[in-house]
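What follows draws every value from the coordinates through simple rules; no lab data is involved. Remember, predicted model here, so these are calculated numbers, not experimental data. Cβ placement follows ideal geometry from the backbone for every residue including glycine, while neighbour counts extend to all protein chains displayed.
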């Protein structure tokens, strides 16, 4: 606990924001579905880290419980996401999202 | 208990009829069922005592947490309209017998379902239930017109459906708004809704919402353009259901919901609304003069007639209100009669164009006589039913404004013009290749027409019974506006 | 008594139902008995009522002396509006009862012969009975709505009977025209009733008249009421401007013209105003309008009659003109005079029509007097009866028309000399056109085809007997009201006096004329009539070539008159065409191109929006995500801002 106090909460805030923004840019810029999924994972984890940090600073364990829930859900989501990506690749031989624009209008 | 029986019986019948396969059995079952339903209606009429909103009441909680309860009952106005519905249904079914409709079980099932919905509309004392039945009535009407209608039926029916549906959504919004203004726990019960005190601004908006819903249904100029298309595109049976009963829903809604709830706004905006209605009378009458399709002509004349009823309602005078109630019944009877006649002519000659017809009075004199009788009823000749209604309506309008009454009264001239014109061109003159070899009315057809004629003259000569049933409730509705 | 009163209108109604429902299955013999029989029974019952009433005279001291109201049942009853089905029996209604059933019966008997070979025999009698039923309701009703039932009902029967031969569309057009023009008047009547109700809170004669008695003369509401009711009378009694239907109505069978369009229905307006006498006396403005309308109509129609060639049309215009006389009498407050003329007119005009029917029957359908002539020898009975009727209408003593017309003229002189002069001129014109008709029909040689000449025959007894009875009535009808001048006692005036008592009390009575003046007036009009008759004789019997004036040689004025002042064409141009055009315009342009287009436009907008906005769905996941994040940023941004 005392170790934590040496690092101010602002550091976590900035760090997590940066991580989140990297994730966002990854999602926006990358065209590979796999990379996008990874970027989403990055965003989720930045949130998780933030939750854990607040939990520690406020001595409220609820935040850390949330983190566990989110990790479980994120795992499930990635599993489904990857499964979809694999299926798409099997049918179209591509995971480039610019190519995957058949669902329109 | 009778009220709930009146609603459930047609529903049960409409489901049971689906198991029949043979056309004749289906028809007989539908006719018998609707006659039993009429019997129940008569029983309710006998059991009915003067108004206290406690007659034939049936209440049970449904969505208790939302304050929605299944509350059905009748006051005098509902009773008359329920009687009208149950009386007309067997006749409409009987009149449909000379058509060979495809998939008869589905057809008659829809008709009975429609009856159930209509009775639900006229008897529900709960705002949300009213709305549900209101929309429910639209579904069978849609399918009857869209499946068994004439050419171009899909486009026409689609327009009809969307138009009236959009209108009624405004009513739903108004009802929900009112619901949230009722004291906790919120409720859709009509007495609760009546008790809501709205400020003038709110009243105006609620009035507009109700008004839009009802004028589209009635329909009142300039929201009427779906109607001529729909009447001419619908199968004969559909036209009868729509014109005879369904358009009374809008007028009934005005009496039951709009006038008691937004009484101040009705008083404030009623004049404008009446101008619309009265413009519609003249406008539709004028258009009717030059119509060639008989069904369209009747459709326009119907716009004129219901315009008068609506104008009378909005004048908020006892006479006009009373006249409106009696005229709703009369109009239902007369227009169904006219549609049956037109259907019979179309069956025989394969055309409804006035310009193709002529000389039927010689080849089918009985048909011509019945046509004449309904024609006289619809131009409000004294001793027929609509004279009582129109006399009271115009008297009430006159009390409100002499000018309005004078302009609205033009309908008695115009109606004579277009109806006599139609009669002359179809019934009189020399027979042509369309009308030369047609046969006169059969007994089945007479059986459908005679009860209507009896009612025409019964209401025309002895309207006391019908007037007295509705009078206390009309007074009560008017009390809300004071 | 009540039973008798119920039976009077009920019998014709039962006759109608019997003949109407039985339709073609009833043999003609039965119809011939039932049709006139019901009317005869009603006539007898009317006589009983009449006797009952005269016996009762003087024993009553109610508000309405000499009258009884019999209520059958309540018809429409809401709050203070209480319209009951009730009959009023007073001298006025009894007089009308007798005229309607009496003349009606004779015409029914006549019809047995006239319609003998018509395939619609039963239908004809059914309609005629129905007509009598409604006419009786009209005169017997004790309140305005009951009168209105009869009022519209007779209009319906008139419609049905004008278009009786419905295969011919011209007849049907005439029928439609009659009904629609009547309806215009009916709207006025209806509005008048509404105003009556809002003013007096009742529609019963007794309630209204007893209240009206206390009102001041010239009261604006009363003027409005009387004017509106007068519009009704204008329609029903064929006065300017709603008169054009009556000449066209001659399309119906001749007995119909006699009964409906001469003797009874068209006089309903006169009856209505006589009934409402107190209201009218209190509205001088209305009376003036009635006077102007009536005199104009009387002269206008008489002038048209001079140049007509159709035997029935001449009589129709004559009817319009005579109705003008009755209204003129009403407008100067001579209610008895109007009712007297109504009665005698019923006799002689019914007779004229029936005799004309006999002529038409003899010729075999032709109605153009230019193709008649010389019928005196062939149709002696018709000739004599026609002569009596013509003398009566021309106002030659001692025939009935003389007395009734003279009464109106002398009352008019009391009132205003100009009115008298106009009416006297009208009387000369009447004498002229009637004798023109008479001479052309019966004198000189027959001008029709050989075939027609061969066909000429006197009508059967069933037709001539009513003619003879009516000619007796037309001859001696004047005894009803022989003035003091001739040593009479003005019986009709005394009989009707209770009905008009209140009105007479209110009205300012002009100074009565001296006997010398009366003699002078009488002599003047009589001399004038005789001169015109002589002139007509010179022109149409004596002179060889006065008969068929060449159309081209006519002066402009004569052409104008002989084309009936182009009034029909004018109405067609001003009312019929524009409303048809309006109908077309409203439907083609306003309805389809404007209102419906807006409605469809709303739908189109929805579809268009959907069509446009759907292109946002590019299918590009990157784009979606970009939008999503942009959205999130915007939401955050707004959150900070607000």
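Where the centroid of each part is defined by its Cα atoms, how far is region B:445-464 from region C:486-528 in Å?
52
What is the average number of partner chain Cβ atoms found within 10 Å of a Cβ in B:411-417? Don't jump to the answer; show the numbers that get you there.
Values: counts 1, 6, 8, 4, 1, 10, 7.
Per residue, the average neighbour count from other chains is 5.
How well do other chains shield peptide B:155-165, expressed as the mean number of their Cβ atoms within 10 Å of each residue Cβ? Can you show the working numbers first?
Working: counts 0, 0, 0, 1, 4, 0, 0, 4, 3, 0, 0.
Averaged over the peptide's residues, the number is 1.
Starting from the 7 Å offset along Cα-to-Cβ, what nm value, one decimal, do you get for the label separation of residue C:559 and residue B:480?
About 7.0 nm separates the two model spin labels.
Between 0 and 90 degrees, rounded to the nearest ten: what's the tilt of helix C:335-363 against the longest Cα principal axis of chain C?
90
How high is the relative contact order of region B:268-482, given as a whole-number percent (alpha carbon pairs under 8 Å, six or more residues apart)?
Working: 327 pairs, mean separation 63.1, N = 215.
Here the relative contact order equals 29 percent.
Sort C:409, A:100 by Cβ crowding within 10 Å, fewest neighbours at the top. Working shown, then result.
Working: C:409 27, A:100 17.
Fewest to most other Cβ atoms nearby, the residues stand as A:100, C:409.
Ranked highest first by average number of other Cβ atoms within 10 Å, how do B:154-160, B:415-421 line up? If you can, show how the numbers build up before the last one.
Details: B:154-160: 18.6, B:415-421: 22.6.
Ranking the peptides B:154-160, B:415-421 by packing returns B:415-421, B:154-160.
Output the 0 to 90 degree angle, nearest 10, between the alpha-carbon long axis of helix B:402-427 and the longest principal axis computed from the alpha carbons of chain B.
Taking the Cα atoms of chain B, the angle to B:402-427 is about 30 degrees.
Which FRET efficiency value, to the nearest 0.05, do you get for residue B:353 and residue C:567 by plugging their Cβ-Cβ distance into 1/(1 + (r/R0)^6) with R0 = 45 Å?
On the way: r = 34 Å, r/R0 = 0.75.
Step by step, r from the Cβ atoms, then E = 0.85.
Mind checking the angle between helix C:461-476 and chain C's longest principal axis? C-alpha axes, 0 to 90 degrees, to the nearest 10.
Value to nearest ten degrees: 80.
Over region B:1-261, what is the relative contact order in percent, taking alpha-carbon pairs closer than 8 angstrom and at least six residues apart?
Numbers: 366 pairs, mean separation 53.2, N = 261.
Once divided by the residue count of region B:1-261, the mean separation gives 20 percent.
Pop a pseudo-label 7 angstrom from the Cα along the beta-carbon direction at both residue C:449 and residue B:12 and give the gap in nm to one decimal.
Between residue C:449 and residue B:12, the label points sit 7.6 nm apart.
What is the fewest-to-most order of B:189, B:126 by other Cβ atoms lying within 10 Å of their Cβ? If you can, show how the numbers build up before the last one.
Working: B:189 21, B:126 25.
Ranking B:189, B:126 by Cβ neighbours within 10 Å, fewest first, gives B:189, B:126.
Mind ranking C:608-615, C:438-445 by how tightly packed they are, going by the mean number of other C-beta atoms within 10 angstrom, highest first? Mind showing how you got there, number by number?
Values: C:608-615: 9.6, C:438-445: 19.9.
Most protected by this proxy first, the peptides run C:438-445, C:608-615.
What's the ranking of C:528-540, C:254-266 by average number of surrounding C-beta atoms within 10 Å, highest first? Present the calculation step by step, with values, prior to reporting the outcome.
Numbers: C:528-540: 17.3, C:254-266: 28.9.
Top of the packing list down: C:254-266, C:528-540.
At a 10 Å Cβ-Cβ cut-off, how would you order B:75, C:68, A:60, fewest neighbours first?
Numbers: B:75 26, C:68 19, A:60 11.
Starting with the residue having the fewest Cβ neighbours, the order is A:60, C:68, B:75.
Taking Rh as the Kirkwood radius computed over C-alpha pairs, what is the Stokes-Einstein D of region C:318-396 at 4 °C in a medium of viscosity 1.567 mPa s, expressed in µm² per second? Can you show the working numbers first?
Details: Rh = 13.8 Å.
Roughly 94 µm²/s, to the nearest whole number.
Just tell me how shielded B:421-427 is by partners: mean number of partner chain Cβ atoms within 10 Å of each residue's Cβ, no decimals.
Working: counts 4, 0, 4, 7, 2, 0, 2.
Shielding by partners across B:421-427 averages 3.
Under a crude label model (7 Å from the Cα following the beta-carbon direction), how far is residue C:617 from residue B:102 in nanometres?
Placing both labels 7 Å beyond Cα along the Cβ direction yields 3.2 nm.
Run the numbers on chain C and let me know its relative contact order in percent, using alpha-carbon pairs under 8 Å that are six or more apart. Mind showing how you got there, number by number?
Details: 970 pairs, mean separation 75.4, N = 642.
Dividing the mean separation by the residue count of chain C yields 12 percent.
Which value in deg cm²/dmol, rounded to the nearest 500, describes the helix-derived mean residue ellipticity at 222 nm for chain C, given -39,500 (n - 2.57) per DSSP H run of n ≥ 4 and division by the residue count? Mind showing how you got there, number by number?
Numbers: 28 runs with 447 residues, N = 642.
Roughly -23000 deg cm²/dmol at 222 nm, from the helical runs in chain C.
Using a Förster distance of 22 Å, how high is the FRET efficiency between residue B:169 and residue C:608, based on the Cβ-Cβ distance and rounded to 0.05? If you can, show how the numbers build up before the last one.
Details: r = 21 Å, r/R0 = 0.96.
Given R0 = 22 Å and the Cβ-Cβ separation, E is 0.55.
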